[in-house]
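Asks: Pasting in a structure now, in structure tokens, and then I'll have a few things to ask.
The values are calculated or read from the model by the stated rules, or taken from the named source; none is laboratory data. Being a predicted model, the structure only gives us computed values, none of them experimental. Please note: Cβ atoms are built from the backbone with ideal geometry, for glycine as well, and neighbour counts cover all protein chains shown. Accessible surface is based on the protein model in full, side chains and every heavy atom, while ligands, DNA and RNA are left aside. Shrake-Rupley method; radii C 1.70, N 1.55, O 1.52, S 1.80 Å.
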Amino acid sequence: TQAAYEVRGSVRDAATAVPIGAKVAVGAINAATDWSEALHNIDCVVHLAARVHVLHETTADALTDYRSVNVDGSVNLARQAAANGVKRFIYLSSIKVNGEQTAERPFSAGDAVHPEDPYGQSKWEAELALREIGAATGMQIVVIRPPLIYGPGAKGNLLRLLRLVEKGWPLPLGSVQNARSLIGIDNLCALIGVCIEHPQAAGEVFLAADGEDLSTPQLLHLLANALQKPLHLLPVPVPLLRAFGKLCGVSAVIARLTGDLRVDIGKNRELLGWAPAYPVAQGVRNMAEAYKYEQQR
């Protein structure tokens with residue numbers, strides 16, 4: 001969207017930079033966070049903050065820790081937002097609410113949910129609680145469930161893949177023939193922009209994706225091209241990769257690298273008139289350029 005908004009960013013630490021607008025430091029996000037300064041004269045809240053999915057969980061009770069931020073923190077913010085007259089509350093959830101992988105058909109916004117880990121469960125519980133708050137207060141709730149988000153500053157598994165491709169290490173993924181939906185940060189921001197104002201967005205759940213499903217080898221080729229590095233893929237059979245993952249305790253990682261996770265964004269086109277404008281190759285190039293710039297600093 002090209003609309004000009006007055007933006008106020010909420011950050012945990014006053015030292016955190018925000019790209020545009022003013023900022024308010026709110027400290028830790030939980031049931032006790034005071035959002036009053038951040039919410040003054042605000043029409044719409046876009047809630048992005050969360051305790052995110054981590055690969056190697058170290059806490060003994062992960063679900064409680066996720067709930068503290070993702071459920072209790074979100075409920076607290078939403079209640080204060082409604083009390084301050086906020087008209088619309090956009091919640092960035094996760095495709096993990098739908099599940100970890102698809103089979104015959106992509107996930108769609110109307111599917112029954114099937115969260116399989118504490119992070120996905122906490123995001124689903126937050127969605128339910130926000131709907132209740134919306135029903136009780138009249139504040140419009142919009143939920144967006146993205147899959148893997150990529151772009152400049154990407155972390156986690158994407159950053160690991162970038163580093164592996166940059167180093168030129170042979171990767172045993174040449175036999176993988178999966179299909180996964182991703183969303184670039186520019187496309188996600190554009191969808192959020194539409195959801196801020198579109199009257200048909202109120203009360204709805206939208207899945208987010210670029211509209212171009214990629215196999216893991218296709219993604220690696222895009223990364224290699226963007227980094228201007230040769231790519232060496234070894235044709236290791238997928239069942240062998242999964243056996244290796246089980247043996248080494250990285251089954252979840254192998255499942256993401258070899259399995260399907262496809263998202264249907266037809267509802268976004270029909271209800272909002274939104275279609276992703278930025279192609280995957282362009283978004284991956286932007287991510288790789290930012291990565292190379294950071295490596296040279």
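Asks: Could you point to the label whose value was computed as semi-axes √(5λ) of the Cα gyration tensor in Å for the structure here, given (i) 30, 20, 18; (ii) 50, 21, 17; (iii) 33, 21, 20?
Replies: (iii)
Asks: Report, in degrees rounded to the nearest 10, the 0 to 90 angle that the Cα long axis of helix 118-137 makes with the longest principal axis of the chain.
Replies: The answer is roughly 20 degrees.
Asks: Next up: Only helical DSSP H runs with n ≥ 4 go in: add -39500 (n - 2.57) per run for the chain, normalise by residue count and round the 222 nm mean residue ellipticity to 500 deg cm²/dmol.
Replies: Working: 10 runs with 112 residues, N = 297.
Calculated at 222 nm, the ellipticity per residue is -11500 deg cm²/dmol.
Asks: What relative contact order, as a whole-number percentage, does the stretch 93-155 give when Cα pairs under 8 Å and 6 or more residues apart are counted? Before the final figure, lay out the partial values.
Replies: On the way: 53 pairs, mean separation 26.1, N = 63.
It comes to 41 percent, rounded to a whole number.
Asks: Let me ask something additional. Positive end of the dipole of the chain, charges at C-beta (+1 Lys, Arg; -1 Asp, Glu), about the Cα centre: which of 49, 203, 261 has its Cα farthest in that direction?
Replies: 261
Asks: Here's a follow-up. Per Stokes-Einstein, at 25 °C and 0.890 mPa s, what whole-number D in µm² s⁻¹ belongs to the stretch 31-178, with the Kirkwood radius over Cα pairs as the hydrodynamic radius? Before the final figure, lay out each step's value.
Replies: Working: Rh = 17.3 Å.
Stokes-Einstein gives a translational diffusion coefficient of 142 µm²/s.
Asks: Using only Cα atoms and rounding to the nearest 10 degrees, what angle (0 to 90) does helix 280-296 make with the longest principal axis of the chain?
Replies: 90 degrees
Asks: I would also like to ask the following. Percent antiparallel among DSSP beta bridges with both residues in the stretch 92-244, to the nearest 5? Let's see the in-between values first.
Replies: Numbers: 1 of 9 bridges.
Among the beta bridges of the stretch 92-244, antiparallel pairing accounts for roughly 10 percent.
Asks: Can you give the percent of C-alpha pairs in the stretch 170-231 whose distance is more than 20 Å?
Replies: 45 percent
Asks: Given a cut-off of under 8 Å on Cα pairs at least six residues apart, what relative contact order in percent is computed for the chain?
Replies: 18 percent
Asks: Choose one of 168, 178, 216: the residue whose Cα lies farthest towards the positive end of the charge dipole of the stretch 111-241 (beta-carbon charges +1 Lys, Arg; -1 Asp, Glu; about the Cα centre).
Replies: So the residue we want is 168.
Asks: Next up: Distance from the Cα centre of the stretch 159-220 to that of the stretch 98-141, in angstrom?
Replies: Cα centres, the stretch 159-220 to the stretch 98-141: 19 Å.
Asks: Spin-label point model (7 Å from Cα, Cβ direction): what's the residue 247 to residue 15 distance in nm?
Replies: 4.4 nm
Asks: In square angstrom, what is the accessible area per residue of the chain with a 1.4 angstrom probe?
Replies: 51 Å²
Asks: Note the angle between two axes, namely the Cα long axis of helix 185-197 and the longest principal axis of the Cα atoms of the chain, as a number of degrees from 0 to 90, rounded to the nearest 10.
Replies: 20 degrees
Asks: Would you mind working out the magnitude of the charge dipole of the stretch 128-185 relative to its Cα centre, with +1 at each Lys and Arg C-beta and -1 at each Asp and Glu C-beta, to the nearest 20 Debye?
Replies: Computed about the Cα centre, the dipole is about 180 debye.
Asks: Would you mind pulling out the separation of the Cα centroids of the stretch 25-39 and the stretch 221-249, in Å?
Replies: Measuring centre to centre over Cα atoms gives 42 Å.
Asks: Considering only Cα-Cα distances, which of the following residue pairs are longer than 32 Å: 23/96; 123/246; 229/267; 23/167; 87/267; 23/229?
Replies: Over 32 Å Cα-Cα: 229/267; 23/167; 23/229.
Asks: Which percent, to the nearest 5, of DSSP beta bridges fully inside the chain are antiparallel?
Replies: Around 5 percent antiparallel, to the nearest 5.
Asks: Now, a different point. With the full set of protein chains in place, find how many percent of the accessible area of the chain is carbon and sulfur; take the probe as 1.4 Å.
Replies: Its accessible area is 54 percent carbon and sulfur atoms.
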